Structures are given as C-alpha cells and as structure tokens.
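S.K.: Input: one structure, supplied below.
The values are calculated or read from the model by the stated rules, or taken from the named source; none is laboratory data. On a predicted model such as this, the values are computed, not experimentally measured, just so you know. So basically every Cβ, Gly included, is an ideal-geometry build from the backbone, and we count neighbours across all protein chains shown.
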Amino acid sequence: MTEDYSPDMLDRRPTRRDVQRGFNLTELLIGIAIISMALLFLIPSMGSWMQSTRIRNAAESIKNALRLTRAEAVGRNTSVQLVFPSLASGGTDMDWVVSCVNTVANANCPGPAITMSTASTTYIQRMSAAEGAAGVQVATTPSVSAITFSGMGRNTAAADITLDITNPVGGTCAASGGKMRCLRIVVTTSGQVRMCDPALPNTNPRGC
C-alpha cells in the first residue's frame, strides 16, 4: 500500500500548531477560578476534620492510659495513678504518666524514681503532649491532676471524674455550635472508663 502525498491529503494532515495547541488564557482563568472556589469550601471543613482527629487521638490515648492504670492496679494489687503533670503545675496539656502511688520502688511496683509534683513516685508508662496531640487540652471535673485506682480496680475519688478533651485554638466544639468534635471521658467510682461525645444526646449510645 502506498501513501497518498497528493496536495488534498497533505492539506488534511494536522499541523504542528494544531498538535501542540494547549489552553488559552480564558480557559486557564476559568480553571483557576473553579479550583479556588473548591478550596474555599474545602479548607474550613478540612481544618475542622484535622482538629477533630487530633482530639480523638488524644482522647483514645487517655482512655487507654486509664484502662492501663486500672489493669496495673489490679495486677499489682496496689494503688496506681494516672498523673497529668501539666495539670499539676496549672497547665492544660494532656501529657500523662502511669505510676504507682508508693513513694519508693518496691516488689509490687518497681521502677526508676521520678519526681511528680511534690511526691517521689515510680512510673510504669508515660506519654508526651507532643506525640500526635499538639494543641489539645484536657480539663477535669472535679479539678484533679491525678486519677487513682485501688488494688480492687476502683476509682478512689468520692465521685465520678470527667475529662473534657478540646482544642480552643482549633475552633469551637460541636456542643457549642461549632464543627469540631470534642470528646469527654468519664471515670466512674467503680472504675469503669467510658468515652462519649457531649454534642450528642444521652439517649444516643455515643452521647454523654
């Protein structure tokens, strides 16, 4: 088969200009406008989602720490506490330390001696506030800097303790009309630990 190089066929072939044709200025401006509008709506939602994720990570960390504290108290048959060093010094960060209440290491709770507030204790596990929860704050009701479980696994406080995990810098909590999903942890006098969402009604299984 031979190729047709007649003038008519050559006129039908695409030119280099046709092959390399891209967007003109109008099309480019329209594309930029569409992307800008999409980002305008997505960025606020993305920010709230990121803050909510940080709060959930912090809440899960504290919940697991409380359960670890209770399990260690029962397993060691001695009082074990979850201490918030920042709260003890008047701050709001959610760094925590699981430690025995003993003033010195012993057979039930060995470990290196550290200074926590004014008492010398031994620690079992600890976490820094910077580990995946920067900016997240915790507040307890009643105001305490440590939650202690007895060797029977009971919360030694006279009443339930609630811990509200928020991020004031990141926005407004959903319970107050915002979009950020703040969370609450409740520690009952019997030692049960439960995480809930204050923005949901108490009739909801996930509500407070």
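S.K.: Are any residues in region 150-175 under 19 Å from the mean Cα position of the chain (by Cα) and exposed (fewer than 14 other Cβ atoms within 10 Å of the Cβ), and if so, which ones? It would help to see each step written out before you state the result.
M.R.: First pass over region 150-175, keeping only residues under 19 Å from the mean Cα position of the chain (by Cα): 162-175.
Answer for region 150-175, where residues must be under 19 Å from the mean Cα position of the chain (by Cα) and exposed (fewer than 14 other Cβ atoms within 10 Å of the Cβ): Pro168, Val169.
S.K.: Which residue, of Val83, Val98, Val74, is over 23 Å from the mean Cα position of the chain (by Cα) and modelled with pLDDT of 85 or more?
M.R.: Val74
S.K.: May I pose another question? Kindly list, by first and then second residue, each pair from a residue in region 163-184 that is on the phi > 0 side of the Ramachandran plot to a residue that is in a strand (DSSP E or B) and at pLDDT 85 or above, limited to pairs with Cβ atoms under 7 Å and residues at least 6 apart or on different chains.
M.R.: Within 7 Å, the pairs are Gly171/Met180.
S.K.: Okay, moving on. Out of all the residues in region 154-208, which are farther than 20 Å from Asp93 by Cβ, of a type in the set (A, V, I, L, M, F, W, C) and part of a loop (DSSP other than H, G, I, E, B)?
M.R.: Ala157, Ala158, Ala159, Ala199, Leu200, Cys208, listed by residue number.
S.K.: Could you grab me the full set of residues in region 103-152 that are at pLDDT below 65, hydroxyl-bearing (Ser, Thr, Tyr) and in contact with a Ser or Thr (Cβ under 6 Å, 6 or more places away or on another chain)?
M.R.: Answer for region 103-152, where residues must be at pLDDT below 65, hydroxyl-bearing (Ser, Thr, Tyr) and in contact with a Ser or Thr (Cβ under 6 Å, 6 or more places away or on another chain): Thr103, Ser120, Thr121.
Residue by residue, here is whether (1) modelled with pLDDT under 70; (2) surrounded by fewer than 15 Cβ atoms within 10 Å (Cβ to Cβ); (3) within 28 Å of the chain's Cα centre (by Cα); (4) part of a helix (DSSP H, G or I) holds:
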{"residue": "Asp8", "(1), (2), (3), (4)": "yes, yes, no, yes"}
{"residue": "Asp11", "(1), (2), (3), (4)": "yes, yes, no, yes"}
{"residue": "Ile35", "(1), (2), (3), (4)": "no, yes, no, yes"}
{"residue": "Pro44", "(1), (2), (3), (4)": "yes, yes, yes, yes"}
{"residue": "Ser61", "(1), (2), (3), (4)": "no, no, yes, yes"}
{"residue": "Leu66", "(1), (2), (3), (4)": "no, no, yes, yes"}
